[in-house]
Amino acid sequence: MRGRVVAGVGAAVVLVAGAGVAIGAGLDGAEPERPATSASAPAVLPPSAPAVLQPATSSPGNAPAPAGVTAAVRAALGDRALGGSVGATVLAADGTVLLDRGGAAHTPASVAKLLTGTAALTALGPDTTLATRVVSDSAAAAGATPGTPGASTPAAGGTADIVLVGGGDATLQSGADDRGSDTTAYARLDVLAKRTAAALGRGATVRVLVDDSAFAAPAVSPDWEPGYVPGGIAAPTSALSVDQGRVRPGEDARVGDPALEAGRRFAALLRAQDLTVRGAVARRAAQGAQELARVESPPVARLVERMLEQSDNDLAEALVRLVAAERGEPATAAGGGAAVLAEAQELGIPVARARLLDGSGLARGSRVGSDTLAATLRTAASPEHPELRPVLTGLPVAGLTGTLAERYADSGPLDAARGVVRAKTGTLTGVSSLAGLVRDRDGGLLVFAFLADRVPGSTLDARQALDEAAAALAECGCRG
């Protein structure tokens, strides 16, 4: 799955707004961070927006200095709302350490998705797409003649077993979006049903089976809080799901078995195509089967952008399992976390103190240092790794997009950061984190990561303190 196409880019790093995915609602107020609903998915993936900031023009004379950075963020990072366990790292574009309070690893919450996205791009490749397929084992098609053209089509009175095979696409939709558009950016189950009916011939009789074996059990991480799945924070993770396992698109409630539910919805769509569907949907591995039809996700680059901007937990959990499978690890949450760190280490990112138990950051037992996150962002910004650029273009823009749309939006002390800070947010009960990029007053590019995992009171107060720290970097000349 490493079929990577790397486009050349210049050495200058340019921050852009709204790249890759539609503007979503601010989602960081819930504890933990609640994913966007499928209603927020764009009808068509727009092109990346033009640059809103000029490339850095700082010179040795106005380069930021550690003393200036420390002075700028001292008050915000010392806010009592953050508690007594705060990690902070700020780097210059060339990697110079301007602030280092990252001696210990912290619970990262959703900023862990920065590592997940980075690993997905390197392990899978930015241009890779994820296929959802329908296959038929000709030997299982009653009355069919194996090995002949049209063998997947049953003879008169026969029933063909067809298998809906999941490829890990957590963005598969059941049909047109709720705005009535018949064209969506994502793969659709109704389109797959039409293609399957065309392959089989109208009037065929089939039994629908499902294959979600690409991911290993358990579907719900044992390291998650018990209420996450019934509470709509995430669905059971399956290689085959539709509408992110939601009972209905746009709602939080999730089904207990996403694969079987996808099979049932597929069966209903086949009936709408004048096929006869017999029997109950069941599981069966598809081995040596003939492909009848397929639909494919947007490329991994776009999936990473969506995951970061919307803080999409389901997408993160699917991607982390795909990374694990690519590296030969168990396709579980914990196996994926280990695979992600292995990818990061191969990029030269320091991970000695890191421990990832999932891809979304929902596992409270995960630990990541602020230095690891800052190094991840700086690596993504370096001209040596253009394949990682979606990690930057997927970052929410302060006051404008994604999980930062409702932060920095009001006039006041955060004015300097609006439209300038791009950062991934993270929230769990007692945890608040923010990691991203900002240009200071002199145009210097700064990479920052702030983590607080012993927040004593409201995480809203804690996130305000972290927002003020990022805004202070935007206002800072930071020359000492």
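Here is how the numbers come out for the structure above:
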| item | result |
| --- | --- |
| Pairs where the first residue, in segment 102-117, is at negative phi and β-branched (Val, Ile, Thr) and the second is at pLDDT 95 or above and in a helix (DSSP H, G or I), C-beta under 7 Å, 6+ apart | Val111/Leu373; Thr116/Ala316; Thr116/Leu319; Thr116/Val320; Thr116/Val340 |
| Hey, Leu99 within 24 Å of Arg389 (Cβ to Cβ), modelled with pLDDT of 95 or more and either outside any helix (DSSP H, G or I) or touching a Pro at 6+ places or on another chain (Cβ under 9 Å) (or both) or not | no |
| Residue that is surrounded by the most Cβ atoms within 10 Å (Cβ to Cβ), among those in segment 282-292 that are in contact with a Ser or Thr (Cβ under 6 Å, 6 or more places away or on another chain) and assigned to a strand (DSSP E or B) | Leu292 |
| Number of positions in segment 255-281 that are part of a strand (DSSP E or B) and under 29 Å from the mean Cα position of the chain (by Cα) | 0 |
| Those residues of segment 453-480 which are of a type outside the set (Asp, Glu), within 19 Å of Arg80 (Cβ to Cβ) and either buried (at least 21 other Cβ atoms within 10 Å of the Cβ) or outside the structural domain of Ala65 (by TED's automatic domain parsing) (or both), in sequence order | Val455, Thr459, Ala462, Arg463, Ala465, Leu466, Ala469, Ala470, Ala471, Ala472 |
| Hey, Thr379 modelled with pLDDT of 95 or more, assigned by TED's automatic domain parsing to the domain that holds Ala333 and surrounded by fewer than 21 Cβ atoms within 10 Å (Cβ to Cβ) or not | yes |
| Selection count, segment 371-396, where residues are touching a helix residue (DSSP H, G or I) at 6+ places or on another chain (Cβ under 9 Å) and either within 30 Å of Gly227 (Cα to Cα) or in a helix (DSSP H, G or I) (or both) | 18 |
| Condition met for Gly399 (modelled with pLDDT under 95, surrounded by fewer than 24 Cβ atoms within 10 Å (Cβ to Cβ) and not aliphatic (A, V, I, L, M)) | yes |
| Selected residue (only one of Gly335, Gly348 is surrounded by fewer than 24 Cβ atoms within 10 Å (Cβ to Cβ), under 18 Å from the mean Cα position of the chain (by Cα) and not assigned by TED's automatic domain parsing to the domain that holds Val135) | Gly335 |
| Odd one out for Asp252 among (1) at pLDDT 95 or above; (2) farther than 26 Å from Thr128 by Cβ; (3) within 18 Å of the chain's Cα centre (by Cα) | (1) |
| Residues satisfying the stated conditions in segment 207-250, i.e. touching a Gly at 6+ places or on another chain (Cβ under 8 Å), surrounded by fewer than 23 Cβ atoms within 10 Å (Cβ to Cβ) and among the hydroxyl-bearing types (Ser, Thr, Tyr) | none |
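The rows are residues; the columns are (1) within 19 Å of Gly361 (Cβ to Cβ); (2) within 18 Å of the chain's Cα centre (by Cα).
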position	(1), (2)
Thr89	yes, no
Gly95	no, no
Leu99	no, no
Thr107	yes, no
Ser110	yes, yes
Lys113	yes, yes
Ala119	yes, yes
Gly125	no, yes
Thr132	no, no
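The values are calculated or read from the model by the stated rules, or taken from the named source; none is laboratory data. Just so you know, these numbers come straight off a predicted model, no measurement behind them. Here Cβ is always computed from backbone atoms with ideal geometry, including for glycine, and neighbour counts include all displayed protein chains.
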